[in-house]
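Written below as structure tokens is the structure these notes are about.
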Amino acid sequence: MKLGYARTSTGEDSLTVQLEALRAAGAVRIWEDHGISGSAVIKPAYMEMCAYAHPGDEIIVWRLDRLSRSLITLVSELQELGERQVEFQSLCEGIDTTAPYGRAFFHTVSAFTTFGHDVQRERAESWLAEGQG
């Protein structure tokens with residue numbers, strides 16, 4: 001099932017463009033967060049949609065920044081969806097994990113996430129080793 005997610009930031013007042021695009025992309029059900037910043041960790045409607053999503057479902061957003069403004073948070077969200085076998089599509093950026101190029105994008109993002117975590121872990125281990133010497 002195609003699930004849509006739309007969000008307005010503080011100061012924005014209309015979801016019209018997003019909702020029309022999500023419907024045109026085939027979203028059967030759409031969740032909306034109003035007045036929630038892209039940097040907010042808690043997005044109630046998004047969390048509800050994720051809880052509703054099942055393996056094989058596809059989450060569609062109008063633009064990546066509707067999901068998050070933080071690259072780290074975005075990568076984490078995409079990785080979590082992938083682990084749950086929930087597909088993802090961002091209309092403006094043309095990212096679609098149901099297609100080979102979209103899956104390649106997802107795997108590239110996952111590789112960079114893993115690399116980033118490994119580097120952080122090595123730095124922490126090095127710092128601890130130096131501090132104990």
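Just a few scattered comments:
- In the stretch 4-39, the qualifying residues are those that are hydrophobic (A, V, I, L, M, F, W, C), under 16 Å from Leu64 (Cβ atoms) and within 17 Å of the chain's Cα centre (by Cα), and the one that is surrounded by the most Cβ atoms within 10 Å (Cβ to Cβ) is Leu22.
- Applying the set (1) farther than 26 Å from Gln18 by Cβ; (2) not in a helix (DSSP H, G or I) to Glu93 leaves exactly one unmet item: (1).
- Scan of the stretch 43-80 for residues that are more than 13 Å from the chain's Cα centre (by Cα) and not charged (D, E, K, R), ordered by number: Pro44, Ala45, Ala51, Tyr52, Ala53, His54, Pro55, Gly56
- In the stretch 89-107 there is at least one residue that is of a type in the set (Lys, Arg) and more than 13 Å from the chain's Cα centre (by Cα).
- Taken over the stretch 14-67, residues that are assigned to a loop (DSSP other than H, G, I, E, B), under 12 Å from Met1 (Cα atoms) and among the β-branched types (Val, Ile, Thr) amount to 1.
- Number of residues in the stretch 115-133 that are within 20 Å of Glu80 (Cα to Cα) and either among the small types (Gly, Ala, Ser) or in contact with a helix residue (DSSP H, G or I) (Cβ under 9 Å, 6 or more places away or on another chain) (or both) equals 1.
- In summary, Phe105 fulfils each of the numbered conditions (1) surrounded by fewer than 18 Cβ atoms within 10 Å (Cβ to Cβ); (2) in a helix (DSSP H, G or I); (3) not polar (S, T, N, Q) with the single exception of condition (1).
- Considering residues of the stretch 70-98 that are closer than 20 Å to His54 by Cβ and aliphatic (A, V, I, L, M) only, the residue surrounded by the most Cβ atoms within 10 Å (Cβ to Cβ): Leu78
- Any hit, the stretch 117-128, residues being in contact with a Phe, Trp or Tyr (Cβ under 8 Å, 6 or more places away or on another chain), at pLDDT 85 or above and assigned to a helix (DSSP H, G or I): no
The values are calculated or read from the model by the stated rules, or taken from the named source; none is laboratory data. No experiment lies behind these values; they were computed from the predicted model shown. Neighbour counts run over all protein chains shown; Cβ positions are idealised from the backbone, glycine included.
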